[in-house]
(Lines give C-alpha, C1' and ligand atoms only; values in the text may rest on other atoms or scores of the structure.)
Protein backbone atom coordinates (compact mmCIF):
# COMPACT_ATOMS: atom_id res chain seq x y z
CA UNK A 1 0.00 0.00 0.00
CA UNK A 2 2.80 2.45 0.84
CA UNK A 3 4.16 2.66 -2.72
CA UNK A 4 0.65 3.33 -4.01
CA UNK A 5 0.27 6.13 -1.47
CA UNK A 6 3.72 7.50 -2.33
CA UNK A 7 2.89 7.67 -6.04
CA UNK A 8 -0.57 9.15 -5.47
CA UNK A 9 0.91 11.70 -3.08
CA UNK A 10 3.59 12.76 -5.54
CA UNK A 11 1.11 12.92 -8.43
CA UNK A 12 -1.18 15.07 -6.30
CA UNK A 13 1.62 17.66 -6.32
CA UNK A 14 2.02 17.58 -10.12
CA UNK A 15 1.63 15.23 -13.12
CA UNK A 16 4.77 13.21 -13.84
CA UNK A 17 6.22 10.34 -15.84
CA UNK A 18 7.41 7.11 -14.25
CA UNK A 19 11.00 8.27 -14.75
CA UNK A 20 10.24 11.61 -13.08
CA UNK A 21 8.59 9.81 -10.16
CA UNK A 22 11.65 7.57 -9.70
CA UNK A 23 13.93 10.63 -9.60
CA UNK A 24 11.61 12.44 -7.19
CA UNK A 25 11.52 9.43 -4.86
CA UNK A 26 15.32 9.31 -4.91
CA UNK A 27 15.39 12.96 -3.77
CA UNK A 28 12.49 12.95 -1.34
CA UNK A 29 10.80 9.82 0.06
CA UNK A 30 13.76 7.43 -0.40
CA UNK A 31 14.42 7.39 3.36
CA UNK A 32 10.79 6.40 4.05
CA UNK A 33 9.78 4.27 1.07
CA UNK A 34 12.09 3.56 -1.84
CA UNK A 35 11.24 1.59 -4.98
CA UNK A 36 12.79 0.22 -8.15
CA UNK A 37 11.75 1.35 -11.63
CA UNK A 38 9.83 -1.88 -12.39
CA UNK A 39 7.93 -1.60 -9.08
CA UNK A 40 6.94 1.98 -9.92
CA UNK A 41 5.75 1.16 -13.46
CA UNK A 42 3.83 -1.91 -12.26
CA UNK A 43 2.09 0.11 -9.54
CA UNK A 44 1.25 2.91 -11.98
CA UNK A 45 -0.46 0.38 -14.26
CA UNK A 46 -2.56 -0.89 -11.34
CA UNK A 47 -3.47 2.67 -10.28
CA UNK A 48 -4.56 3.42 -13.85
CA UNK A 49 -6.63 0.21 -14.03
CA UNK A 50 -8.37 1.21 -10.80
CA UNK A 51 -9.15 4.68 -12.12
CA UNK A 52 -6.90 6.51 -9.65
CA UNK A 53 -4.70 8.03 -12.37
CA UNK A 54 -4.93 8.81 -16.07
CA UNK A 55 -2.03 8.59 -18.51
CA UNK A 56 -1.29 10.54 -21.67
CA UNK A 57 1.43 9.60 -24.19
CA UNK A 58 3.69 12.41 -25.36
CA UNK A 59 5.90 11.92 -28.44
CA UNK A 60 9.64 12.53 -28.05
CA UNK A 61 12.27 13.03 -30.74
CA UNK A 62 14.38 9.91 -31.16
CA UNK A 63 12.91 8.31 -28.03
CA UNK A 64 9.89 6.19 -27.11
CA UNK A 65 6.73 8.04 -26.18
CA UNK A 66 6.67 9.47 -22.66
CA UNK A 67 3.70 8.64 -20.43
CA UNK A 68 2.58 11.51 -18.20
CA UNK A 69 0.42 10.41 -15.27
CA UNK A 70 -2.18 12.61 -13.55
CA UNK A 71 -4.13 11.82 -10.39
CA UNK A 72 -7.92 11.65 -10.77
CA UNK A 73 -10.64 12.76 -8.34
CA UNK A 74 -10.99 9.11 -7.30
CA UNK A 75 -7.24 8.96 -6.71
CA UNK A 76 -7.33 12.05 -4.49
CA UNK A 77 -10.23 10.54 -2.52
CA UNK A 78 -8.29 7.26 -2.06
CA UNK A 79 -5.23 9.23 -0.90
CA UNK A 80 -7.28 11.29 1.55
CA UNK A 81 -9.08 8.18 2.85
CA UNK A 82 -5.73 6.52 3.56
CA UNK A 83 -4.32 9.63 5.25
CA UNK A 84 -7.42 9.96 7.45
CA UNK A 85 -7.11 6.41 8.78
CA UNK A 86 -5.68 5.91 12.30
CA UNK A 87 -1.89 5.55 12.31
CA UNK A 88 -1.00 1.92 12.94
CA UNK A 89 2.38 0.47 13.77
CA UNK A 90 4.04 -0.99 10.70
CA UNK A 91 5.29 -4.57 10.50
CA UNK A 92 9.03 -4.36 11.08
CA UNK A 93 11.40 -6.35 8.90
CA UNK A 94 14.94 -5.11 9.51
CA UNK A 95 17.72 -7.39 8.28
CA UNK A 96 20.43 -5.22 9.85
CA UNK A 97 18.91 -5.44 13.34
CA UNK A 98 18.26 -9.16 12.87
CA UNK A 99 21.94 -9.72 12.05
CA UNK A 100 22.95 -7.63 15.06
CA UNK A 101 20.52 -9.60 17.27
CA UNK A 102 22.30 -12.85 16.34
CA UNK A 103 25.74 -11.22 16.16
CA UNK A 104 27.22 -13.67 18.68
CA UNK A 105 27.10 -16.38 15.98
CA UNK A 106 29.49 -14.42 13.73
CA UNK A 107 33.22 -14.10 14.05
CA UNK A 108 33.97 -11.31 16.54
CA UNK A 109 36.32 -9.50 14.15
CA UNK A 110 33.92 -9.79 11.22
CA UNK A 111 30.87 -8.56 13.12
CA UNK A 112 32.83 -5.61 14.52
CA UNK A 113 34.14 -4.75 11.06
CA UNK A 114 30.59 -4.89 9.64
CA UNK A 115 29.15 -2.77 12.46
CA UNK A 116 31.83 -0.11 11.96
CA UNK A 117 31.17 -0.14 8.21
CA UNK A 118 27.43 0.20 8.82
CA UNK A 119 28.08 3.05 11.27
CA UNK A 120 30.01 4.92 8.59
CA UNK A 121 27.24 4.36 6.03
CA UNK A 122 24.49 5.71 8.28
CA UNK A 123 26.67 8.69 9.22
CA UNK A 124 26.95 9.53 5.52
CA UNK A 125 23.22 8.98 5.09
CA UNK A 126 22.46 11.33 7.99
CA UNK A 127 24.78 14.01 6.56
CA UNK A 128 23.03 13.71 3.20
CA UNK A 129 19.62 14.14 4.86
CA UNK A 130 20.83 17.18 6.78
CA UNK A 131 22.05 18.67 3.49
CA UNK A 132 18.60 17.97 2.00
CA UNK A 133 16.97 19.83 4.89
CA UNK A 134 19.33 22.77 4.38
CA UNK A 135 18.37 22.91 0.68
CA UNK A 136 14.66 22.80 1.52
CA UNK A 137 15.01 25.58 4.07
CA UNK A 138 16.99 27.69 1.59
CA UNK A 139 14.36 27.17 -1.15
CA UNK A 140 11.02 26.30 0.54
CA UNK A 141 8.96 26.74 -2.64
CA UNK A 142 5.25 27.50 -2.87
CA UNK A 143 3.82 24.51 -1.02
CA UNK A 144 4.83 25.62 2.47
CA UNK A 145 2.25 23.49 4.33
CA UNK A 146 3.41 20.37 2.49
CA UNK A 147 7.03 21.28 3.28
CA UNK A 148 6.27 21.43 7.01
CA UNK A 149 5.20 17.79 7.05
CA UNK A 150 7.97 16.69 4.68
CA UNK A 151 10.56 18.31 6.97
CA UNK A 152 9.00 16.66 10.03
CA UNK A 153 9.37 13.19 8.44
CA UNK A 154 12.97 14.01 7.48
CA UNK A 155 13.84 15.25 10.98
CA UNK A 156 12.32 12.18 12.62
CA UNK A 157 14.46 9.94 10.40
CA UNK A 158 17.58 12.00 11.16
CA UNK A 159 16.85 11.71 14.90
CA UNK A 160 16.49 7.92 14.55
CA UNK A 161 19.80 7.69 12.72
CA UNK A 162 21.54 9.86 15.33
CA UNK A 163 20.32 7.50 18.06
CA UNK A 164 21.58 4.52 16.04
CA UNK A 165 24.94 6.25 15.59
CA UNK A 166 25.31 6.81 19.32
CA UNK A 167 24.46 3.21 20.21
CA UNK A 168 26.70 1.71 17.53
CA UNK A 169 29.62 4.02 18.35
CA UNK A 170 29.38 3.20 22.07
CA UNK A 171 29.13 -0.55 21.35
CA UNK A 172 31.99 -0.58 18.85
CA UNK A 173 34.25 1.41 21.18
CA UNK A 174 33.51 -0.93 24.11
CA UNK A 175 33.92 -4.11 22.09
CA UNK A 176 37.13 -3.00 20.41
CA UNK A 177 38.66 -2.30 23.84
CA UNK A 178 37.53 -5.78 24.96
CA UNK A 179 39.13 -7.31 21.87
CA UNK A 180 42.39 -5.49 22.69
CA UNK A 181 42.22 -6.69 26.31
CA UNK A 182 41.65 -10.29 25.20
CA UNK A 183 44.55 -10.13 22.73
CA UNK A 184 46.82 -8.73 25.43
CA UNK A 185 45.66 -11.35 27.96
CA UNK A 186 46.33 -14.18 25.49
CA UNK A 187 49.81 -12.85 24.73
CA UNK A 188 50.92 -12.54 28.40
CA UNK A 189 51.48 -16.27 29.11
CA UNK A 190 53.57 -16.53 25.92
CA UNK A 191 55.76 -13.67 27.12
CA UNK A 192 56.19 -15.33 30.53
CA UNK A 193 57.10 -18.66 28.94
CA UNK A 194 59.67 -16.93 26.78
CA UNK A 195 61.20 -15.28 29.88
CA UNK A 196 61.33 -18.60 31.75
CA UNK A 197 63.06 -20.33 28.84
CA UNK A 198 65.79 -17.71 28.94
CA UNK A 199 66.33 -18.11 32.69
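Some points to look at:
- Test for residue 169: is it at pLDDT 90 or above, over 15 Å from the mean Cα position of the chain (by Cα) and in a helix (DSSP H, G or I): yes
- The residue that is surrounded by the most Cβ atoms within 10 Å (Cβ to Cβ), counting only those in segment 61-92 that are closer than 23 Å to residue 22 by Cα and modelled with pLDDT under 90, is 65.
- Odd one out for residue 4, checked against (1) surrounded by 11 or more Cβ atoms within 10 Å (Cβ to Cβ); (2) without any contact (Cβ under 8 Å) to a residue 40 or more places away in the chain; (3) more than 30 Å from residue 168 (Cα to Cα): (2)
- In segment 1-110, counting only helices (runs of 4 or more DSSP H) that sit wholly within it, the ones holding 1 or more residues that are in the same structural domain as residue 137 (by TED's automatic domain parsing) span 95-101.
- For segment 126-156, the set of residues classified as surrounded by 15 or more Cβ atoms within 10 Å (Cβ to Cβ) and within 22 Å of residue 97 (Cβ to Cβ) consists of 126, 129, 154, listed by residue number.
- Whichever residue in segment 157-166 is under 11 Å from residue 129 (Cβ atoms) and surrounded by 12 or more Cβ atoms within 10 Å (Cβ to Cβ) and, among such residues, is nearest to the chain's Cα centre (by Cα): 157
- Among (1) in contact with a helix residue (DSSP H, G or I) (Cβ under 8 Å, 6 or more places away or on another chain); (2) in a helix (DSSP H, G or I); (3) not assigned by TED's automatic domain parsing to the domain that holds residue 19 - the single one residue 117 does not satisfy: (1)
The values are calculated or read from the model by the stated rules, or taken from the named source; none is laboratory data. Computed from a prediction, not measured in an experiment: that's the story for all the values here. When we count neighbours, we look across all protein chains shown, and the Cβ atoms used for this are built from the backbone with ideal geometry, even at glycine.
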